[in-house]
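Read the structure below first, then the notes.
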Amino acid sequence: MISGNDTVNEALAKAKSKKVYIEGNFTKLLKGSLDADVVAYISECKNKDKQSRRKRLDVTKQVQLQNNELAEAAIVKEALVLELQNEKDEAERLRDEAVEDLDIMQKRTQFELIGLIVKVALIIIVGVGVTTTLLYSIAMLANKDTTLLGNAWSNLFGILLTNSFSIIGTIMGVKYATEKNQ
């Protein structure tokens, strides 16, 4: 128990001048005093102590409430992040499927186009070859001079064979080049 009058008077002076009061268990040390100023001071200290504790309790409750709200927001945010990640993965999978389907469609279209070019080239080559051979055969059967026609027939077959191999080689080169890039 504080019994020195100087200590009590100094505490009273600080309370009046600077509005500073002792708190908590220190008030118990002055409890036994009979001085009216000290009793009023202790009463004021207790009131101030209750008010400051109430304010601290309110602040603590507010902080706890905010912490709970932040924790809930963090859970919601985490759920949204997971949902966005799943959506992103699904979008990437769909994109990959679309790219693969497009690639297959392009290859099929190229294959069909190459097949069509080869068929047309073969039809033309065979048609010209058959027509020239028929003309040459008719000329030979008719006992006409076939020297000029024979040379033309030979040159035409050479040109047709060269061109057909050139077309097929070009098509195969394009096909090989497109496969190599992928």
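Once you put a point 7 Å from the Cα of A13 and another 7 Å from the Cα of S166, both along the Cβ direction, what distance in nm separates them?
Calculated label separation equals 11.9 nm.
Starting with the highest mean, order 126-139, 74-87 by the number of other Cβ atoms within 10 Å, averaged over the residues of each peptide. The partial results should precede the final answer.
Numbers: 126-139: 13.3, 74-87: 10.1.
Going by the mean number of other Cβ atoms within 10 Å, highest first, we get 126-139, 74-87.
Figure the gain on full extension for M105 and D49 (residue separation times 0.36 nm, minus the Cα-Cα span) and round it to one decimal in nm.
Details: separation 56, 0.36 × 56 = 20.16 nm, distance 8.22 nm.
Stretched out fully, the M105 to D49 stretch lengthens by 11.9 nm.
For the stretch 90-161, go through all pairs of different Cα atoms, get the mean of 1/r, take its inverse, and jot down that Kirkwood value in Å.
Working: mean 1/r = 0.0635 Å⁻¹.
Evaluated on the stretch 90-161, it is 15.8 Å.
State the extension gain, in nm to one decimal, for the chain segment bounded by A98 and V20, taking 0.36 nm per residue of separation less the distance between their alpha-carbons.
On the way: separation 78, 0.36 × 78 = 28.08 nm, distance 7.59 nm.
Result for the pair: 20.5 nm of gain on full extension.
How about the stretch 109-182: which trypsin sites (Lys or Arg not before Pro) there are in a DSSP loop, with at most 13 other Cβ atoms within 10 Å of their Cβ?
On the way: sites: K119, K144, K175, K180; in loops: K144.
Sites meeting the loop and neighbour criteria: K144.
No value in this document is a laboratory result; all are computed from the given coordinates. The structure presented is a predicted model; accordingly, all values stated were derived computationally and were not measured. No Cβ is skipped: glycine too gets one built from the backbone with ideal geometry, and neighbour counts run over all protein chains shown.
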